[in-house]
Amino acid sequence: MADLVTIDRINKWHGSLHALRDVSLTVAPHERLVICGPSGSGKSTLLRCINGLETCDSGDVVVDGTRLTGDARSARFARREVGMVFQSFNLFPHMTVLENCILAPIWVRKTPKREAEDLARSVLDRVRVGAHAGKYPAQLSGGEQQRVAIARALCLAPKIMLFDEPTSALDPEMINEVLEIIVGLADSGMTMVCVTHEMAFARRVADRIVFMDGGEIIEHGPPAEIFDAPRAERLKAFLGSILKN
Amino acid sequence: MALDAEVRAAAGRPVSAPRVTRKSHFRIQVWATWTVLALLLAWGCRALQLDFGYVAQKLPFLLGLRLGPDGFIQGAVLTLFVTAVSMVCALGIAMITAAGRLSDNPVAFAFATFYASLFRGTPLLVQVLIIYLALPQIGVVLGGLTSGLIALSLNYGAYLAETIRSGMMAIPLGQREAAMALSLPRWLILWKVTGPQALRLIIPPAGALFVSMLKDSALVSILGLWELNFLAQSYARSSFRYMEMLLAAALIYWALSIVFEIVQFRLERRFGRGVAVVGRR
């Protein structure tokens with residue numbers, strides 16, 4: 001089967017900062033990819049290139065057959081198949097949980113409202129926030145908000161899910177309830193790319209781990225290789241610092 | 001909330017009354033204080049020995065319940081008409097200007113900033129007079145009403161544009177990105193996501209601007225329009241009942257402002273959904 005995402009030698013500058021250097025990466029259907037690395041290594045930028053929130057300065061990004069050329073049209077088309085979950089949830093505060101979830105299905109997929117609501121309720125039940133459908137985001141805990149954000153993305157029935165440090169803004173006791181949902185999604189065969197610092201989670205779900213530093217992919221491979229037999233010095237140093245605590 | 005009460009009870013401190021009662025207590029006290037202040041104000045006016053008979057006689061004209069001698073609306077009705085039309089025009093101008101101000105296009109940006117600077121930097125009175133008196137010299141002859149409407153719209157449009165811009169800029173970038181990630185088109189993001197959130201921030205200062213516009217509409221009286229302020233002053237001059245007429249006009253302006261404030265309050269509540277769900281009055 002053809003790769004869902006093909007990234008071919010992309011470069012990205014933020015002003016004078018070379019944020020991505022000749023990065024190439026492919027994601028196959030049903031593959032679970034985890035990107036890790038120190039902060040400022042370009043993980044989030046790479047993730048955001050996949051759904052066109054960032055446009056790269058050179059190189060190619062092809063998502064589900066659509067080449068992202070930097071114009072709004074191709075980006076919008078590709079985004080129909082790409083769900084994204086942000087570190088800071090970014091739920092729409094003036095809409096109820098249910099309204100958050102049905103907005104895109106109604107306007108993007110042209111789903112009738114009743115049908116969209118039924119779909120949203122079943123997805124909300126799946127991420128165990130079904131009881132909060134009528135509430136506003138501000139009435140929910142961080143963990144609940146992030147699960148709603150996951151549901152909102154799933155309601156568009158994407159082919160691939162992107163997670164940008166989904167648990168970094170959460171209190172420790174809420175991290176697991178969100179990770180469980182993501183693990184459940186992974187087990188159901190969803191293709192996903194996840195930027196995270198949760199190494200135990202990475203080892204549990206990832207088919208492949210990509211380690212980035214300084215805007216480059218330093219090393220990638222199955223978790224066993226990355227964690228138990230790291231080759232690059234920078235990866236060893238990173239693992240040493242992150243696994244110490 | 002219930003948990004909070006339990007914790008306090010356990011700590012031996014008095015448990016506060018339920019939220020609903022506390023809210024109505026607050027309201028009662030607000031109304032009581034308002035009544036006392038209004039009575040004080042009325043008592044102060046008593047010393048002026050006002051002729052209420054004359055006020056009652058002129059009130060229908062001040063309110064604009066009768067048409068003027070030229071067959072056109074007058075008094076408070078004309079004031080409201082001028083304000084309402086200028087409000088709609090100013091809103092349109094302001095939205096376009098705010099869009100220009102937020103635009104990447106240098107020409108659009110320059111147009112917007114030049115206009116806003118010019119009309120915020122010169123007195124409204126001067127603008128009214130220039131539009132009415134100077135434009136005929138270059139061949140554009142406008143009536144008093146049209147000139148007044150244009151001047152008010154352009155002046156308030158410039159202020160309102162800044163209000164709208166600041167409201168839009170206050171919406172976190174993450175909101176737009178989340179909407180974009182959901183594949184929503186740009187116009188829909190503005191209409192459903194960023195716009196309604198910006199409105200919550202724009203409504204209070206915009207409401208203040210419109211109340212101020214209501215009173216600034218008195219400036220068009222110099223163009224010979226028989227609006228509230230013009231009528232009050234001419235009746236005052238002919239009868240020497242200055243205090244009666246000025247106070248009556250002031251009270252009518254105030255009453256209209258209160259209506260504006262109520263509308264603003266309702267809109268605030270409408271667009272405040274989901275924000276500060278806990279503890280809102």
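The values are calculated or read from the model by the stated rules, or taken from the named source; none is laboratory data. In this text the structure is predicted, and so the values were computed from the model without any measurement. In this analysis, Cβ positions are derived from the backbone assuming ideal geometry, glycine residues included, and neighbour counts consider all displayed protein chains.
Does B:Val220 meet the test of being away from chain A (no Cβ under 14 Å) and either assigned to a helix (DSSP H, G or I) or modelled with pLDDT of 90 or more (or both)? Criteria met by B:Val220. Of the residues making up the range A:163-205, those that are in a helix (DSSP H, G or I) and over 20 Å from A:Pro222 (Cα atoms) are A:Pro172, A:Glu173, A:Met174, A:Ile175, A:Asn176, A:Glu177, A:Val178, A:Glu180, A:Ile181. Selection of the range B:34-69 for residues being free of Cβ contacts under 8 Å to residues at least 40 places away in the same chain and not hydrophobic (A, V, I, L, M, F, W, C) yields B:Thr35, B:Gly44, B:Arg46, B:Gln49, B:Gly53, B:Gln57, B:Pro60, B:Arg66, B:Pro69.
For the range A:78-109, taking the residues that are part of a loop (DSSP other than H, G, I, E, B) and basic (Lys, Arg), the one that is surrounded by the fewest Cβ atoms within 10 Å (Cβ to Cβ) is identified as A:Arg109. Using the structure shown, decide if B:Ala158 is surrounded by 18 or more Cβ atoms within 10 Å (Cβ to Cβ) and touching a Phe, Trp or Tyr at 6+ places or on another chain (Cβ under 7 Å). Yes: the conditions hold for B:Ala158.
Which residue pairs have Cβ atoms under 9 Å apart, sit 6 or more places apart or on different chains, and have a first residue in the range B:248-272 that is free of Cβ contacts under 8 Å to residues at least 24 places away in the same chain and a second that is surrounded by fewer than 12 Cβ atoms within 10 Å (Cβ to Cβ)? Short answer, once both residue conditions are applied: B:Arg269/B:Arg280. Which residue pairs have Cβ atoms under 9 Å apart, sit 6 or more places apart or on different chains, and have a first residue in the range A:78-95 that is closer than 12 Å to A:Leu53 by Cα and facing another protein chain (nearest Cβ under 7 Å) and a second that is among the polar types (S, T, N, Q) and in a loop (DSSP other than H, G, I, E, B)? Listed by first residue and then by second, the contacts come to A:Arg79/A:Asn51; A:Arg79/B:Ser183; A:Met84/A:Asn51.
Conditions tested, residue by residue: (1) assigned to a helix (DSSP H, G or I); (2) in contact (Cβ under 8 Å) with a residue 60 or more places away in the chain; (3) within 14 Å of chain A (Cβ to nearest Cβ).
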{"position": "B:Met95", "(1), (2), (3)": "yes, yes, no"}
{"position": "B:Ala98", "(1), (2), (3)": "yes, yes, no"}
{"position": "B:Val107", "(1), (2), (3)": "yes, no, no"}
{"position": "B:Phe114", "(1), (2), (3)": "yes, no, no"}
{"position": "B:Met180", "(1), (2), (3)": "yes, no, yes"}
{"position": "B:Trp187", "(1), (2), (3)": "yes, no, yes"}
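Looking across the range A:125-179 at every residue that is in contact with a Lys or Arg (Cβ under 9 Å, 6 or more places away or on another chain) and among the small types (Gly, Ala, Ser), the one that is surrounded by the most Cβ atoms within 10 Å (Cβ to Cβ) is identified as A:Ala151. Exactly one residue among B:Ser217, B:Ser221, B:Ser183 is crowded, with 16+ Cβ neighbours inside 10 Å and at positive phi, and that residue is B:Ser183.
Cβ separations smaller than 6 Å between residues 6+ apart or across chains give the following pairs from the range B:230-244 residues that are closer than 22 Å to B:Val220 by Cβ to residues that are among the polar types (S, T, N, Q): B:Phe230/B:Ser221.
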